[in-house]
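Beneath this line is the structure, given in structure tokens, with notes to follow.
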Amino acid sequence: MSSQFEKRLQALRTSGGARLIAGGQRGIEKESLRIEPSGLVAQTGHQRALGSALTNRYITTDYSEALLEFVTPPEKSAWAATQFLCDIHQYIYQAIGDELLWPFSMPCRLHSEDDIPLARYGTSNIAQMKTIYRSGLGYRYGKYMQVISGIHFNYSVPEIFWSAWSGIEKTDKTEEQLRSDSYLGLVRNVHRLDWLLLYLFGASPAVCKSFLAGQENNLSEFDSGTCYGEWATSLRMSDLGYQNSNQSVLTVSTNSLEEYVRDLSAAIRTPNPDYVEIGVKNNGKYLQLNSNQLQIENEYYSTIRPKRVARSGERPTTALRRGGVEYVELRALDLSPFDPVGIGQQQQKFLEAFLLYCLLIDSPPIDGNEQQAMRANHLAVAREGRKPGLQLRRAGTETGLQEWASGICNQMQPVCEMLDEGEGDGYLDSLQAQQAAIDDPGLTPSARLLVDLRDVDIPFADYGLGVARDYRDYFLGLGEEFNQHHELFETESNESLQRQQQIESQDDVDLDAYLRRYYA
């Protein structure tokens, strides 16, 4: 444990300890592919009973009409976030008839890209822009990649933390500067250590062969319909998923907020020859928003993002320039097929402690060499994280994954102890559960899933369909009286449709002019 980290921990205890870090805000965004009873992507549109995908705060769509996104508000406990997410699931199941929610990150059986309908949001300029952006993603990366699902874990420390932290760090920075610099330090450390999250929570070691569409993959065959990596943890986060070569040339610095905003803004202005070849329009119809490296900021894929709640029509980089970093969005998480809502309370508690740990430890700037090492570690663990004796790159030398991971958990212990003091309990338990999975890779979700697939001896797509049916029965069996937020969701659905109509009535320019103004 570094002396600086120890000093910060001791200073935190002296300044108030648990009350400074307990009760941070967390929110969950969960993507789920809506499927037909047969197990294929649903071809129906977004149900009106779920409101407007453009304006509903809790239920929207991601890439496709069939790719639902559930959004919890900021909550102060893992229990509250989980309960809200559970209630959304039940409400949705009551609205989608005999359709199901696919419980895995890697998609169900796919027949062709034509069977993946783009998400649509109405006739307003902002609605059309959102659909065109998604069209561009399909042309750039392929539609199959766009129906991979994941969990986003949003987190911010309690407001009371910052005044104490300013004294501990003995800084004369403004609170906005301190907050932004500290969160960027957290982001850099997550990039350094995100391999640990892939190892502990990766749950996509197998994939339906239809997803691969004949591409080279170095995977083994489970059966005629399933491919898998013997030691893989998260194919979603590997070069088969989001970590594709199309964005490998992009370097976005997180060494300061200024550099982060600068690099993202430059990528949105810089043409990409491959995307120029696609074209922006064909016979007057938009194929993509532009032919630059990124159409908008959100296209840049990263395992974690510094974020600020944007005002209506405000770009993410503009929001960050205006008020600095407000929270972080952790995006490295697979859906857990072992939990009906895709993420459990124990996992959330570990993530909270992990993010606090990344905030408290030293976080020097990242140079080019370290950037390469981080990417190598990430891909190695995604593809073969459970391989016995796997070595990772650390400070110019090689270190065993288990040794490094155990060291991190050991350092996290005092953070978990403080959180237990302030929140009740569960944080040390969550840490011990993850240490057990480090000691025994067979306890990881990826290993457990492969064991289950071997036991049932059926293709991944059929196994997933069975799990989806079980979870549908679970949620519908809870009864409407169980849902504490049913009235809230009903009201929000109705009001969101009204808000969409209002937006559509307020457009004062055509789409071309709207986009010129947006990018000005």
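Are any residues in the stretch 226-240 at pLDDT below 95 and surrounded by fewer than 22 Cβ atoms within 10 Å (Cβ to Cβ), and if so, which ones?
Listed by number, the list holds a single entry, Asp239.
Name the residue, out of Gly16, Gly39, that is at positive phi, at pLDDT 95 or above and out of contact with any Phe, Trp or Tyr (no Cβ under 8 Å at 6 or more places or on another chain).
Numbers: Gly16 fails: at pLDDT 95 or above.
The conditions single out Gly39.
Among the listed residues Leu431, Leu449, Leu392, identify the single one that is of a type in the set (A, V, I, L, M) and outside any helix (DSSP H, G or I). Explain how you work it out, then say what you get.
On the way: Leu431 fails: outside any helix (DSSP H, G or I); Leu449 fails: outside any helix (DSSP H, G or I).
Every option except Leu392 fails the conditions.
Residues are listed down the side, and each one gets a yes or a no for (1) among the aliphatic types (A, V, I, L, M); (2) more than 30 Å from Ile160 (Cα to Cα):
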position	(1), (2)
Phe5	no, no
Arg13	no, no
Ala22	yes, no
Arg26	no, no
Glu29	no, no
Pro37	no, yes
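To keep it simple, each residue is scored yes or no on (1) touching a helix residue (DSSP H, G or I) at 6+ places or on another chain (Cβ under 8 Å); (2) surrounded by 18 or more Cβ atoms within 10 Å (Cβ to Cβ); (3) not hydroxyl-bearing (Ser, Thr, Tyr).
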site: Gly407; (1), (2), (3): no, no, yes
site: Asn410; (1), (2), (3): no, no, yes
site: Asp440; (1), (2), (3): no, no, yes
site: Asp452; (1), (2), (3): yes, no, yes
site: Asp470; (1), (2), (3): no, no, yes
site: Asn483; (1), (2), (3): yes, yes, yes
site: Ser493; (1), (2), (3): yes, yes, no
site: Gln502; (1), (2), (3): no, no, yes
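Kindly indicate which of Val509, Val467 is assigned to a loop (DSSP other than H, G, I, E, B) and touching a residue at least 12 places away in the same chain (Cβ under 8 Å).
Details: Val467 fails: assigned to a loop (DSSP other than H, G, I, E, B).
The unique qualifying residue is Val509.
Before we move on, is Asn290 under 30 Å from Val187 (Cα atoms), buried (at least 18 other Cβ atoms within 10 Å of the Cβ) and free of Cβ contacts under 8 Å to residues at least 60 places away in the same chain? First the steps, then the outcome.
Values: under 30 Å from Val187 (Cα atoms): yes; buried (at least 18 other Cβ atoms within 10 Å of the Cβ): yes; free of Cβ contacts under 8 Å to residues at least 60 places away in the same chain: no.
Here the answer is no, as Asn290 does not meet what is asked.
Which residue pairs have Cβ atoms closer than 8 Å, lie 6 or more positions apart in sequence or on different chains, and pair a first residue in the stretch 28-48 that is part of a loop (DSSP other than H, G, I, E, B) with a second residue that is surrounded by fewer than 14 Cβ atoms within 10 Å (Cβ to Cβ)?
Glu36/Gln43; Pro37/Asp98; Leu40/His111
Could you please let me know if Leu478 is in a helix (DSSP H, G or I) and in contact (Cβ under 8 Å) with a residue 12 or more places away in the chain?
Details: in a helix (DSSP H, G or I): no; in contact (Cβ under 8 Å) with a residue 12 or more places away in the chain: yes.
No; evaluated as a whole, the condition is false for this residue.
Each row is one residue, and each column tells you yes or no for (1) out of contact with any Pro (no Cβ under 7 Å at 6 or more places or on another chain); (2) modelled with pLDDT of 95 or more; (3) of a type in the set (Gly, Ala, Ser).
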{"position": "Arg393", "(1), (2), (3)": "yes, yes, no"}
{"position": "Thr397", "(1), (2), (3)": "yes, yes, no"}
{"position": "Ser406", "(1), (2), (3)": "yes, yes, yes"}
{"position": "Pro414", "(1), (2), (3)": "yes, yes, no"}
{"position": "Gln434", "(1), (2), (3)": "yes, yes, no"}
{"position": "Ile438", "(1), (2), (3)": "yes, yes, no"}
{"position": "Ser446", "(1), (2), (3)": "no, yes, yes"}
{"position": "Val451", "(1), (2), (3)": "yes, yes, no"}
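Go through Arg311, Arg321 for me and flag whichever is touching a residue at least 40 places away in the same chain (Cβ under 8 Å) and either surrounded by fewer than 23 Cβ atoms within 10 Å (Cβ to Cβ) or in contact with a Gly (Cβ under 7 Å, 6 or more places away or on another chain) (or both). Before the answer, list the steps.
Numbers: Arg311 fails: touching a residue at least 40 places away in the same chain (Cβ under 8 Å).
Result of the check over Arg311, Arg321: Arg321.
May I ask you to list the residues in the stretch 346-389 that are within 20 Å of the chain's Cα centre (by Cα) and in a loop (DSSP other than H, G, I, E, B)?
Of everything in the stretch 346-389, just one residue is within 20 Å of the chain's Cα centre (by Cα) and in a loop (DSSP other than H, G, I, E, B), namely Gly385.
Any chance you could count how many residues in the stretch 5-27 are assigned to a strand (DSSP E or B) and either under 22 Å from Ser363 (Cβ atoms) or without any contact (Cβ under 8 Å) to a residue 60 or more places away in the chain (or both)? Spell out the reasoning first.
Just the residues of the stretch 5-27 that are assigned to a strand (DSSP E or B), to begin with: 25-27.
Add one more test, that the residue is either under 22 Å from Ser363 (Cβ atoms) or without any contact (Cβ under 8 Å) to a residue 60 or more places away in the chain (or both), and what stays is 25-26.
Final tally of qualifying residues: 2.
Does Asp114 satisfy the condition of being more than 23 Å from the chain's Cα centre (by Cα), part of a helix (DSSP H, G or I) and modelled with pLDDT of 95 or more? So that I can check it myself, show each step before the final result.
Working: more than 23 Å from the chain's Cα centre (by Cα): yes; part of a helix (DSSP H, G or I): yes; modelled with pLDDT of 95 or more: yes.
The answer is yes for Asp114.
Would the stretch 296-308 turn up any residue that is in a loop (DSSP other than H, G, I, E, B), at pLDDT 95 or above and of a type in the set (A, V, I, L, M)?
The answer is yes; a qualifying residue exists.
Every residue in the stretch 18-34 that is buried (at least 22 other Cβ atoms within 10 Å of the Cβ), out of contact with any Gly (no Cβ under 7 Å at 6 or more places or on another chain) and under 30 Å from Ala461 (Cα atoms), please.
Passing the criteria: Ile28, Ser32, Leu33, Arg34.
Looking at Leu360, Leu379 in this structure, which one is out of contact with any helix residue (DSSP H, G or I) (no Cβ under 8 Å at 6 or more places or on another chain) and either free of Cβ contacts under 8 Å to residues at least 40 places away in the same chain or not basic (Lys, Arg) (or both)?
Working: Leu360 fails: out of contact with any helix residue (DSSP H, G or I) (no Cβ under 8 Å at 6 or more places or on another chain).
Matching residue, one of Leu360, Leu379: Leu379.
The values are calculated or read from the model by the stated rules, or taken from the named source; none is laboratory data. For clarity, every value in this text was computed on a predicted model and none was experimentally measured. Reconstructed Cβ throughout: ideal geometry from the backbone, glycine too, with neighbour counts over all protein chains shown.
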